[in-house]
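Visitor: Starting off with a structure, shown below.
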Amino acid sequence: MLREEFKGHLLGWIGGKRILRKTIAPLIPEDIKTYIEPFGGAAWVLFYYKKWADCEIYNDLDGRLVNLFRCVKYHPCELAREMAYMLASREQFLNAVKYPGETDIQKAARFLFVISRSYGAKGKKFAIQTKQALSSIGGIIERIENISKRLNKVAIENKSAFDLIPLYDRPDSFFYLDPVYTKGAGYETSSAAKFNHADLAEILKNIKGRFLLSYDDSPKIRGFYKDFNIIPVSRANGIKSGRHIEKEYKELLIGNYEIKQAHNPTLRDLRQ
């Protein structure tokens, strides 16, 4: 299957793979029947192509994200209508934080508004100094329509990754996993504080399908996955603090199949 680039997005998200997805995409095999993201987040990797496989699964334990993507998929017009009169306003931002909404559409609209208008996409402080905060809502509405079409045949789940992986594990399944890092992900969720990294490693050691895993580069993670293929990568930190200069952030890409050859085009070409 020839993969066609999509490169869309809906929202920013702490730990999102906006920067690394160009590195991740070539590592994902083409002979897969099912593509699954157990830790979907903002789905930056999912949205890199128009289609990864015949069957695609987005999953996240955060109900706010799942509700948002379900509303984008099934009710894009209603969601766009709800957001149409939202302004780049501190008062409206604080009101949306305090009152997240009653209906699913209201909750999705206010959640998307707060994330898109907050500093570092954390949903806490109104980001008046950024161009995103000062821009109109029109760009977000355009993205809703675009992403709605992309999600047309994507199944959206709201499960623990530990329950989801066995459910979809097949020899022709592929899992791209971006779990909460050992150093935290920037969001205060109940799942992040008690996430069991050892249990995830144990599940992945015994799956039938293939996986690609992104993690922070730490001795703990290297120990868990020492028998797998590991590629160290780095990127600039996405958030600045005052005049703080962006520093290099080291991460790992880990797979239970050959990923080093795909990561090195020169080596790949020589072996052909």
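Visitor: Going by the structure shown, is Glu56 acidic (Asp, Glu) and either at pLDDT below 95 or assigned to a loop (DSSP other than H, G, I, E, B) (or both)?
Guide: So Glu56 does not fit the description; no.
Visitor: Given the conditions (1) open to solvent by less than 30 Å² (accessible area, probe 1.4 Å); (2) in a helix (DSSP H, G or I); (3) among the hydrophobic types (A, V, I, L, M, F, W, C); (4) in contact with a helix residue (DSSP H, G or I) (Cβ under 8 Å, 6 or more places away or on another chain), report the number of the one that Ala43 does not fulfil.
Guide: It is condition (2) that Ala43 fails.
Visitor: Related question: Can you run down the residue pairs with Cβ atoms below 6 Å, 6 or more apart or on separate chains, where the first is in segment 74-91 and at positive phi and at pLDDT below 95 and the partner is open to solvent by 100 Å² or more (accessible area, probe 1.4 Å) and not polar (S, T, N, Q)?
Guide: Once the first residue is at positive phi and at pLDDT below 95 and sits in segment 74-91, no partner that is open to solvent by 100 Å² or more (accessible area, probe 1.4 Å) and not polar (S, T, N, Q) comes close enough.
Okay, residues lined up against (1) open to solvent by 10 Å² or more (accessible area, probe 1.4 Å); (2) free of Cβ contacts under 8 Å to residues at least 60 places away in the same chain:
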residue: His9; (1), (2): yes, no
residue: Lys22; (1), (2): yes, yes
residue: Tyr49; (1), (2): yes, yes
residue: Ile57; (1), (2): no, no
residue: Asp60; (1), (2): yes, no
residue: Asn67; (1), (2): yes, yes
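Visitor: May I pose another question? For segment 202-215, which positions are in contact with an Asp or Glu (Cβ under 6 Å, 6 or more places away or on another chain) and either surrounded by fewer than 20 Cβ atoms within 10 Å (Cβ to Cβ) or over 14 Å from Phe39 (Cα atoms) (or both)?
Guide: Those that are in contact with an Asp or Glu (Cβ under 6 Å, 6 or more places away or on another chain) and either surrounded by fewer than 20 Cβ atoms within 10 Å (Cβ to Cβ) or over 14 Å from Phe39 (Cα atoms) (or both): Ile207, Lys208, Gly209.
Visitor: Based on what the data block shows, is Gln106 on the phi < 0 side of the Ramachandran plot and modelled with pLDDT under 90? Spell out the reasoning first.
Guide: On the way: on the phi < 0 side of the Ramachandran plot: yes; modelled with pLDDT under 90: no.
No; evaluated as a whole, the condition is false for this residue.
Visitor: Give segment 107-125 a look and list any residue that's under 16 Å from Leu65 (Cβ atoms) and assigned to a helix (DSSP H, G or I), or say none. Break it down stepwise before answering.
Guide: Keep residues of segment 107-125 that are under 16 Å from Leu65 (Cβ atoms), which gives 107-116, 118, 121-123.
Those that are under 16 Å from Leu65 (Cβ atoms) and assigned to a helix (DSSP H, G or I): Lys107, Ala108, Ala109, Arg110, Phe111, Leu112, Phe113, Val114, Ile115, Ser116, Ala121.
Visitor: On the phi < 0 side of the Ramachandran plot, of a type in the set (Val, Ile, Thr), touching a residue at least 24 places away in the same chain (Cβ under 8 Å) and open to solvent by 40 Å² or more (accessible area, probe 1.4 Å): does that describe Thr34? Explain how you work it out, then say what you get.
Guide: Numbers: on the phi < 0 side of the Ramachandran plot: yes; of a type in the set (Val, Ile, Thr): yes; touching a residue at least 24 places away in the same chain (Cβ under 8 Å): yes; open to solvent by 40 Å² or more (accessible area, probe 1.4 Å): no.
No, not satisfied.
The values are calculated or read from the model by the stated rules, or taken from the named source; none is laboratory data. Note that the structure is a prediction, hence the values are computed from the model and not measured. So basically every Cβ, Gly included, is an ideal-geometry build from the backbone, and we count neighbours across all protein chains shown. The accessibility values were calculated without ligands, DNA or RNA, using every heavy atom of the protein model including side chains. Shrake-Rupley method; radii C 1.70, N 1.55, O 1.52, S 1.80 Å.
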